[in-house]
1. Being within 14 Å of chain A (Cβ to nearest Cβ), crowded, with 21+ Cβ neighbours inside 10 Å and either on the phi > 0 side of the Ramachandran plot or aliphatic (A, V, I, L, M) (or both): is that true of B:Ala311 here?
2. State which residue is nearest to B:Asp297 (Cα to Cα) when the search covers only region B:257-274 and only residues that are buried (at least 22 other Cβ atoms within 10 Å of the Cβ) and more than 21 Å from the chain's Cα centre (by Cα).
3. Scan region B:103-118 and tell me whether some residue there is part of a loop (DSSP other than H, G, I, E, B), of a type outside the set (Gly, Ala, Ser), closer than 19 Å to B:Trp249 by Cβ and at pLDDT below 85.
4. Being under 16 Å from the mean Cα position of the chain (by Cα), part of a helix (DSSP H, G or I) and under 19 Å from A:Leu213 (Cα atoms): is that true of A:Ile324 here?
5. When you scan region C:60-79, do you find a residue that is in contact (Cβ under 8 Å) with a residue 40 or more places away in the chain, at the interface with chain A (Cβ under 7 Å from one of its Cβ atoms) and closer than 12 Å to A:Asp231 by Cβ, even just one?
6. Right, B:Asp192: in contact (Cβ under 8 Å) with a residue 12 or more places away in the chain and touching a strand residue (DSSP E or B) at 6+ places or on another chain (Cβ under 9 Å) or not?
7. Going through region B:55-90 one residue at a time, which ones are under 16 Å from B:Ile173 (Cα atoms) and either acidic (Asp, Glu) or part of a helix (DSSP H, G or I) (or both)?
8. Which condition does C:Asp98 not pass, out of (1) under 16 Å from the mean Cα position of the chain (by Cα); (2) buried (at least 21 other Cβ atoms within 10 Å of the Cβ), if it passes all the others?
Amino acid sequence: MSRLLPLSLFALLALCLAMLAGIAIGETRVGAEAIWQVLANQLWQAGHAVDPIDAGIVWNYRLPRTLVAAACGAGLATCGVILQALLRNPLAEPYLLGLSAGASTGAVAVGLFGLGGAVLSLSLSAGAFIGALAAFALVLLLSRASGSRHDNAQVILAGIAGSQLFNALTAFLITKSATAEQARGILFWLLGNLSGVRWPSVWLAVPVALFGLAICLWQRRALDAFTFGADSAASLGVPVRRTQLLLISCAALVTAVMVSIVGAIGFVGLVIPHALRLLLGPGHSRLLPASALGGALFLIVADILSRTLIAGQVIPVGVVTALIGAPVFALILISRRGRP
Amino acid sequence: MPHRLAALLAGLSLSGLAHASATQYPLTVDNCGMPQTFTQAPQRAVTVGQAGTELLYALGLGERLAGTSLWFNNVLPEFKAQNDKVPRLADNEPSFEAVVGKRPQLVTAQFEWMIGAQGAVGTREQFQELGIPTYLLPSDCEGKDNLVGADGTRLQPFKVQSIYKSVSQLAEIFDVQERGARLNAELQGQLDQARQRLAGQDLAHTSALFWFSSADLKTDPYVAGRQGVADYMLQTLGVRNVVESSEEWPTVGWETLVKANPTWLIVARMDRRRYPADDYQKKLDFLRSDPVTRNMDAVKHGRIIVLDADAMQAGIRLFRGLDVLSSAFASGKAPQP
Amino acid sequence: MTVMTTIADAPLTCRGLGLRLGGRDVLQGVDLSVMPGETLGVVGPNGSGKSTLLKLLAGLRTPSSGSVRLLGEALERLPRRHIAQRLALVEQQADTLDAISVYDAVALGRTPWLSALAPFGKEDRAIIEQALADADASHLRRRLWGELSGGERQRVHIARALAQRPQVLLLDEPTNHLDIQHQLGLLRQVQALPLTTLVALHDLNQALTCDRLAVLDQGRLVALGKPEVVLTPERLLGTFGVQGHYLVDPYDGARVLRFRT
């Protein structure tokens with residue numbers, strides 16, 4: 001308990017520094033003084049004279065982007081914690097429930113056929129969101145239909161089956177209808193891209209991430225109770241079905257929103273919870289806020305790298321997270337080898 | 001000087017060609033590294049790609065077309081009569097069997113990724129086995145490696161000669177060499193006229209940016225890089241392309257583009273609606289409403305040119321596009337879309 | 001236990017309890033009342049339904065027929081938290097890949113008692129310490145789960161159940177992985193606790209120390225009563241398939257079962 005306060009302050013400080021880095025570093029050079037002046041103007045009407053293009057870049061491009069990166073990283077990491085706790089599987093991650101596969105199908109359907117395009121002006125984001133939830137609904141139905149008891153292996157298998165189905169649909173749509181240019185555009189978006197993010201996305205991503213984290217913190221003791229399995233949780237007084245449904249639906253919703261805003265960014269939901277569990281132990285009171293923070297920092301850094309690794313070009317964020325995440329994941333696996 | 005002399009020489013040489021000979025069959029044409037042999041002028045042809053289609057219409061060969069495919073826009077009004085009589089096999093790429101089922105004696109392709117080593121319709125060998133010659137527009141294979149990069153990578157900058165070559169080669173194949181020579185003269189004339197308009201103008205500080213479309217309206221746009229057709233248009237008119245990538249259509253972040261602050265913005269108009277950004281009106285709305293792009297000089301002063309997407313490809317529309325651009329650059333005012 | 005103790009006072013009863021799985025009756029028509037404070041042993045060969053019975057009594061499975069009453073109330077109508085504050089189950093197999101410390105694993109037992117209005121406090125800490133001591137696991141408190149032996153893990157599970165401060169304790173073959181010292185010690189401890197205990201056992205000699213025994217045979221309750229009354233040589237042969245007879249141990253006069261094939 002005595003360590004908690006300084007640790008929390010340190011964590012918040014780290015987050016602020018990362019966000020500052022996200023604002024300061026980008027595709028082009030914007031001087032430190034200009035950045036300071038823009039922030040001063042926006043936050044307390046300081047009235048400095050700043051080039052409107054620089055001001056726009058800092059306040060309307062980079063700041064929302066950094067905030068959304070933080071929110072998505074936090075949201076995806078939190079969802080990873082939930083799924084690993086409930087499914088008792090170290091390989092569990094948010095996309096296991098078919099969400100990213102469904103999002104691809106939804107985005108591709110909108111992108112290729114302008115499904116609802118003329119009538120509803122459906123964007124890729126909306127298509128991805130609907131697709132993600134459709135896939136999740138299918139996975140839920142499949143896992144219910146395959147057994148009356150909520151067996152983890154069945155849920156995972158249903159998730160795999162659902163993902164495969166929607167991935168196949170995506171491939172079919174692309175090969176049938178897309179030009180190479182279209183396919184490239186959609187796949188680029190799906191790999192994770194923070195380029196199109198503006199303030200409206202912030203008002204969606206940040207509350208959703210906070211909401212997800214809040215629900216999980218509320219249920220942190222229930223999550224702990226699942227340590228020895230669902231039966232054990234039940235005998236400890238947790239209403240298992242209700243809790244599982246609440247938490248998995250929460251995870252699905254948060255993930256669907258995040259995927260629809262930035263595409264399917266991988267590894268955050270898988271690696272961050274593991275890394276923090278190694279450092280802090282499995283107790284969810286600490287694991288949840290720590291994972292959220294860790295995810296936020298990770299994605300901010302990944303976004304900065306994606307914009308600066310190659311001059312004049314933006315690498316999809318999902319590629320950067322994989323490049324960092326895969327070796328880290330391998331390290332985790334190796335470090336577990338000594339355990340019984 | 002060089003422009004006027006070139007125009008004169010071109011005119012003289014082409015007028016010499018005006019009394020061109022009739023084609024001698026059997027004719028072997030070396031096309032993109034594969035010789036194609038014709039025993040007679042093809043009576044039935046299928047096109048894959050609007051540029052090739054309109055080229056053949058411009059040569060008055062509409063009644064020899066048995067099928068068309070791969071359209072980006074509506075056909076040019078002056079070709080509508082010819083086009084109405086030709087069945088459309090597909091708006092996008094047709095299947096191999098659909099093409100072959102028309103028993104063509106020639107298949108033209110605008111892109112190597114349509115008919116080529118990894119052709120979406122088929123490989124050139126597949127057609128050859130059935131005795132069907134294929135003609136790839138040279139602008140897509142000469143100096144270009146289509147197996148690298150999403151749209152292929154240009155090893156050398158695009159040369160307008162490849163279009164003249166398409167015209168004269170197709171004219172030779174169809175034994176209408178006189179019409180071919182006339183068409184080339186006309187196109188060359190349009191090019192020269194476009195250049196002439198800007199002669200004597202100081203364009204040292206003029207730059208431009210081509211915006212084709214974007215996967216999602218606010219995300220990184222597809223813009224024209226160096227060495228491609230769009231870049232050629234700027235080069236030939238003496239205007240600098242702000243994009244420095246050597247990919248033909250790279251995605252570049254808005255932050256970089258806005259900072260580059262080009263003098264002119266050229267946005268593509270097309271009838272396709274795959275992405276919301278295909279609609280040029282949406283592109284204009286975005287430019288004017290986005291808090292960063294609306295501060296660009298070009299947006300503030302209305303120096304935005306709306307150009308036919310087909311004019312940014314290698315085909316006869318390129319020359320009309322050059323005309324539009326040069327008028328705008330010369331007058332300093334964008335035409336009404 | 002007196003004649004005056006009615007079924008209504010019994011902390012845990014079931015009537016006509018049955019479970020049908022995959023077309024087979026795993027458990028059928030079980031009527032059972034556990035008397036307050038007693039240690040009731042449940043014995044039977046493998047597959048006789050012991051684990052199933054315990055899970056049904058703990059409310060972890062829904063019976064196909066019959067009903068269970070916990071402290072006078074119908075089990076299916078009770079909220080899980082309510083049940084967990086009164087009944088604890090130590091499962092045969094419960095494992096985790098998490099690197100949880102023994103202390104934290106036992107602390108999980110306080111879950112049914114904690115809430116936003118009743119956060120973890122000094123009293124909970126004291127209860128956990130007591131539970132660790134009762135299960136002889138105090139010295140293990142800082143160890144991580146993965147480092148423990150099977151027997152140590154079992155004791156931690158028991159400590160966790162004790163930390164729940166239940167009135168009824170169900171144990172599913174708790175002596176399976178324990179060494180001989182801990183096997184004997186555990187049963188003695190469990191019987192000394194002022195809890196009503198239902199314990200499924202494998203070892204029939206250990207079963208003799210229980211107050212009463214219930215014998216299950218292929219899902220049916222075939223005998224219920226004092227150990228020596230229930231475990232007759234006929235029963236041993238009929239249900240367990242072994243020949244056995246009683247011996248008296250000259251050391252302390254205790255009755256011991258001897259088996260022969």
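1. No: the conditions fail for B:Ala311.
2. B:Pro262
3. yes
4. no
5. no
6. Criteria not met by B:Asp192.
7. If the condition is that a residue be under 16 Å from B:Ile173 (Cα atoms) and either acidic (Asp, Glu) or part of a helix (DSSP H, G or I) (or both), then B:Leu55, B:Leu56, B:Tyr57, B:Ala58, B:Gly62, B:Glu63, B:Arg64 are the ones that fit.
8. Single failed check for C:Asp98: (1).
The values are calculated or read from the model by the stated rules, or taken from the named source; none is laboratory data. Because the structure is a prediction, the values reported are computed rather than measured. When we count neighbours, we look across all protein chains shown, and the Cβ atoms used for this are built from the backbone with ideal geometry, even at glycine.
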